[in-house]
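The values are calculated or read from the model by the stated rules, or taken from the named source; none is laboratory data. Only a predicted model underlies this, so the values are computations on that prediction, with no experimental measurement involved. Here the Cβ positions follow ideal geometry from the backbone for every residue, glycine too, while neighbour counts run over all protein chains shown. Protein only, heavy atoms only, side chains kept; ligands, DNA and RNA dropped before computing areas. Shrake-Rupley method; radii C 1.70, N 1.55, O 1.52, S 1.80 Å.
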Amino acid sequence: MNKRLVYALWITAMIVVVPGCADRLDMEDATLALALGVDLNEENKLMMYSTSPAFSKRAKKKTLETIERAQTLRESRAKQDAFSAGVFQGRNYQVLIVGKRLLQHEDWFPLLDVLFRDTKNSVSDRVVVYDGPVSEIIYLNPKDQPMMPILLRGMVDTKSAQSETVKTTVQELHRQMYETGVTPAISEVKLQKKQAIKLNGTALLNHKGKYIVSLNATESILLRILQNKAKKSVNLTISIPGEEKIGPFDTDKLSFTANNIKAKLATSYRQNKFHFEIKINMHVGLTEHLFPYDVRYQGKELEVKIAEQLEKQLEGLIKKIQAHEIDPIGLGLYARAHENSQYKKVKDHWGESLAKADIHVSVKATIDSMGPVK
């Protein structure tokens, strides 16, 4: 091969490779923050929190927490960096913890601008709402549990797979905030007796990011069903009307696992309002019923009762959403897709239009199994 060509290729390779290593940072020189917290203190001053693992055999405490008052996240990083042995890094965030006090205010979301503008930051970290001051949870390090950021990420991932909450990343929150056809939904946690972290369910925000209302685990499952995002089996317990209670025990309860859940939605506009028809089909496996019932011969009747109770619960959730003029289901996306001309007129105040909309839900439940006992 021509020597000049070899030299040219060698020089080109150096030009390409060397700049890529210019900003290299060795692990021992870095502070790897796993959690970022944002909240307001009692004086309504912006507070920034972070938690990093301590890679030292001599360290009795395995994490390093920093708390700083700052006007922006970028400013807080410089202040937090002054307390760490290495260079503060944001690319390893596992969770973003947002305090409920902060969510009482609208238009807080632009504070996170640096997470999207600086490409060295992560946007896959899970967003979690903490019901209380973030300072309570940032120092929490139970000896019998993983580090708090790893624990929170694990809780969000596993519980969202069971539809008991949502898995909203920083990137997904960005989409929900700027999408007019849906309002944000975020996992919510709290401390139980000031020691154990408990998943509360789902926090719902309005278009401007203000906290509106919370859903418990059951309501979160119903929300995921309406969103057609309950892809795996979900567990529900309902009361069957007409079944007698015995003493202090709720013996009218029936539990089941719902599989193959599919929600189909039809959209129309008439009589000056939007109409949504949601049809839900699911296959049911009975896991518990505390009253005598011959499922083998009366299964069809039980299917109807299950469907009726689920319809009541789903309609109750929809009324709750409409009353608060929010749209975590994302019905605005369907309105825009099928009735765009009408949607354009109301997109800037979609919550108000949804509150007036006619939303009807129907459920068809098919019992596939009743367990190995009669």
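Summed over the stretch 136-160, the residues that are surrounded by fewer than 17 Cβ atoms within 10 Å (Cβ to Cβ) and part of a helix (DSSP H, G or I) give a count of 5. Evaluated against (1) touching a helix residue (DSSP H, G or I) at 6+ places or on another chain (Cβ under 8 Å); (2) open to solvent by 10 Å² or more (accessible area, probe 1.4 Å); (3) of a type outside the set (D, E, K, R); (4) at pLDDT 80 or above, residue 104 falls short on exactly one condition, (1). Looking at the stretch 229-240, is at least one residue touching a residue at least 12 places away in the same chain (Cβ under 8 Å) and under 21 Å from residue 175 (Cα atoms)? Within the stretch 229-240, one or more residues are touching a residue at least 12 places away in the same chain (Cβ under 8 Å) and under 21 Å from residue 175 (Cα atoms).
With respect to the stated conditions, residue 119 fails to be over 28 Å from residue 214 (Cβ atoms), open to solvent by less than 20 Å² (accessible area, probe 1.4 Å) and either out of contact with any Gly (no Cβ under 6 Å at 6 or more places or on another chain) or modelled with pLDDT of 85 or more (or both).
Scanning the stretch 45-54 for residues that are open to solvent by 20 Å² or more (accessible area, probe 1.4 Å) and in contact (Cβ under 8 Å) with a residue 24 or more places away in the chain yields 45, 46, 47, 53.
Note on the stretch 161-178: residues that are open to solvent by less than 30 Å² (accessible area, probe 1.4 Å) and more than 12 Å from the chain's Cα centre (by Cα) total 1.
One residue is enough: does the stretch 184-204 have a residue meeting the conditions open to solvent by 10 Å² or more (accessible area, probe 1.4 Å) and closer than 19 Å to residue 354 by Cβ? No: the stretch 184-204 contains no residue that is open to solvent by 10 Å² or more (accessible area, probe 1.4 Å) and closer than 19 Å to residue 354 by Cβ. Look at the stretch 309-335: where a residue is touching a residue at least 40 places away in the same chain (Cβ under 8 Å) and a partner is basic (Lys, Arg), sitting 6+ places away or on another chain with Cβ atoms under 9 Å, you get 332/347; 335/347.
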